[in-house]
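Novice: For reference, the structure I am asking about is given below.
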Amino acid sequence: MQELSIISYDLKKCSLTERTAIQRAINGYKDYSYNQAYTYVRKGIIDKIPNIYLNNGVIIVKSQDKSKITSILKRYKTGVKIINLYSKKSLLH
């Protein structure tokens with residue numbers, strides 16, 4: 001049995017710069033330098049932990065990894081809802 005958490009967050013009350021910072025921290029981004037001659041891929045938290053990305057603002061992660069995502073969301077004071085659930089099948093590897 002696997003313990004999972006559904007994390008839902010809302011960025012409506014955040015400014016545009018805060019939204020960009022949150023999305024970059026969670027999802028990562030591409031960084032271009034020297035007139036786009038060089039491309040660097042900056043990984044986010046989602047790339048480092050097993051997850052299922054359901055929709056914009058909804059992620060399923062293992063319960064032990066939820067603190068990594070919620071710490072970023074609480075830093076920017078976003079609306080966060082967490083639902084804990086159990087799965088008989090191994091959804092995340």
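The values are calculated or read from the model by the stated rules, or taken from the named source; none is laboratory data. What you are looking at is a predicted structure, and each value in this text was computed from that prediction instead of being measured. Here Cβ is always computed from backbone atoms with ideal geometry, including for glycine, and neighbour counts include all displayed protein chains. Calculation scope for accessible area: heavy atoms of the full protein, side chains included, ligands and nucleic acids excluded. Shrake-Rupley method; radii C 1.70, N 1.55, O 1.52, S 1.80 Å.
Novice: Within region 47-67, does at least one residue satisfy the condition of being assigned to a helix (DSSP H, G or I), among the polar types (S, T, N, Q) and within 10 Å of the chain's Cα centre (by Cα)?
Specialist: Scanning region 47-67 turns up no residue that is assigned to a helix (DSSP H, G or I), among the polar types (S, T, N, Q) and within 10 Å of the chain's Cα centre (by Cα).
Yes/no per residue for (1) exposed (fewer than 13 other Cβ atoms within 10 Å of the Cβ); (2) free of Cβ contacts under 8 Å to residues at least 60 places away in the same chain; (3) closer than 25 Å to LYS12 by Cβ:
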| residue | (1), (2), (3) |
| --- | --- |
| ALA25 | no, yes, yes |
| GLY28 | no, yes, yes |
| TYR34 | yes, yes, no |
| ILE52 | yes, yes, yes |
| ASN56 | yes, yes, yes |
| VAL61 | no, yes, yes |
| LYS66 | no, no, yes |
| LYS81 | yes, no, yes |
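Novice: Related question: Can you spot a residue in region 6-21 that is at pLDDT 95 or above, open to solvent by less than 20 Å² (accessible area, probe 1.4 Å), within 26 Å of SER90 (Cα to Cα) and not aromatic (Phe, Trp, Tyr)?
Specialist: Yes, the conditions are met somewhere in region 6-21.
Novice: Return the residue satisfying two criteria in turn: it lies in region 7-50 and is aliphatic (A, V, I, L, M) and in contact with a Lys or Arg (Cβ under 8 Å, 6 or more places away or on another chain), and of such residues it is farthest from LYS68 (Cα to Cα).
Specialist: Within region 7-50, the subset aliphatic (A, V, I, L, M) is 7, 11, 16, 21-22, 25-26, 37, 41, 45-46, 49.
Still in the running and in contact with a Lys or Arg (Cβ under 8 Å, 6 or more places away or on another chain): 7, 11, 41, 45, 49.
Values: ILE7: 11, LEU11: 18, VAL41: 20, ILE45: 8, ILE49: 9 Å.
Selected residue: VAL41.
Novice: Same structure again: Restricting to region 36-46, name every residue that is outside any strand (DSSP E or B) and surrounded by 12 or more Cβ atoms within 10 Å (Cβ to Cβ).
Specialist: Pass one, region 36-46, residues outside any strand (DSSP E or B): 36-37, 44-46.
Across region 36-46, the qualifying residues are GLY44, ILE45, ILE46.
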